[in-house]
Amino acid sequence: MNKAVEDIIVLGKDSIVQLALELIDEKVEVHNFSKIKVMTDGRTVYVSFMNTIKYLPMNSVFYFDVGVNLIEKVVVYDPVSNGVFESKIKVPFYKQTKQTKKNIQFVMDAINKSDEVGPIDAVNFEDAMTIRENDDYYNIIVVSEFQESSYKIEKISGKIYDSVHAHLAPLPIFGDENKYKFKEIN
């Protein structure tokens, strides 16, 4: 482990997260993200800010996740869109509203009442879900370590239809030989 990494690690997770937030162009807070990981491989310290559930109203684009390499001082933004593909617009960070929270709850309730897809615990959700609003339905994509699912949920009835599930092989970079390259700092 190099000296620069050691100097950052001794600060502790909360201080490391604050250092990373200072490098992000837009003012964001810890509460804007559902999950934050601080990791090191001995050569760098990487902070990953994530929202495991991404809700996109019609014709919107947001940054939901951002990664910060503290040694290199590099910030990687990950925009997600729903019908907006213009590269010149300023992309805001996602901030949940009362309406988006209500819509997410509707989707969760529909999923948990259905026999067609498995139940989801929104509080402890560890996978990645993207909800794209359309006129009459929500388009859902859920990706876990070994499965990808997509389906639609009618806005009025909550009925799930057009479901497709695929089993995934692990990515080569996450195979057993690389599994412990980055270690999480708690």
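Select from region 142-163 the residues that are assigned to a strand (DSSP E or B) and closer than 16 Å to residue 58 by Cβ and list them in ascending order.
152, 153, 154
Please indicate, with yes or no, whether at least one residue in region 45-54 is outside any strand (DSSP E or B), over 20 Å from the mean Cα position of the chain (by Cα) and not aliphatic (A, V, I, L, M). Within region 45-54, none of the residues are outside any strand (DSSP E or B), over 20 Å from the mean Cα position of the chain (by Cα) and not aliphatic (A, V, I, L, M). Being assigned to a loop (DSSP other than H, G, I, E, B) and either in contact with a Gly (Cβ under 8 Å, 6 or more places away or on another chain) or not basic (Lys, Arg) (or both) is a property that residue 105 lacks. Would you check which residues across region 1-20 are part of a helix (DSSP H, G or I) and touching a strand residue (DSSP E or B) at 6+ places or on another chain (Cβ under 9 Å) and list them? Of everything in region 1-20, those that are part of a helix (DSSP H, G or I) and touching a strand residue (DSSP E or B) at 6+ places or on another chain (Cβ under 9 Å) turn out to be 4, 5, 8, 9, 13, 16, 17, 19, 20.
The listed residues are 113, 159, 152, and the only one of them that is at pLDDT below 95 and over 18 Å from the mean Cα position of the chain (by Cα) turns out to be 113. Just one residue in the set 115, 135, 121, 109 is touching a Lys or Arg at 6+ places or on another chain (Cβ under 9 Å) and open to solvent by 60 Å² or more (accessible area, probe 1.4 Å); that residue is 135. Can you find a residue in region 72-92 that is part of a loop (DSSP other than H, G, I, E, B), open to solvent by less than 60 Å² (accessible area, probe 1.4 Å) and within 27 Å of residue 18 (Cα to Cα)? Yes, that holds for at least one residue.
Only one of the numbered conditions (1) of a type in the set (Asp, Glu); (2) loosely packed, with under 12 Cβ neighbours inside 10 Å; (3) not in a helix (DSSP H, G or I) is not met by residue 26, and that is (2). Residues that are under 20 Å from residue 156 (Cβ atoms) and touching a residue at least 12 places away in the same chain (Cβ under 8 Å) were ranked within region 82-104; the one that is farthest from the chain's Cα centre (by Cα) is 103. Residues in region 138-173 that are aliphatic (A, V, I, L, M), out of contact with any Leu (no Cβ under 9 Å at 6 or more places or on another chain) and open to solvent by less than 90 Å² (accessible area, probe 1.4 Å): 9 in all.
The values are calculated or read from the model by the stated rules, or taken from the named source; none is laboratory data. Keep in mind the model is a prediction, meaning the values are calculated, not measured. A quick note on method: Cβ atoms are made from the backbone with ideal geometry, for glycine too, and the neighbour counts reach across all protein chains shown. The protein model used for the area step is the full one, side chains on, heavy atoms only, and it has no ligands, DNA or RNA in it. Shrake-Rupley method; radii C 1.70, N 1.55, O 1.52, S 1.80 Å.
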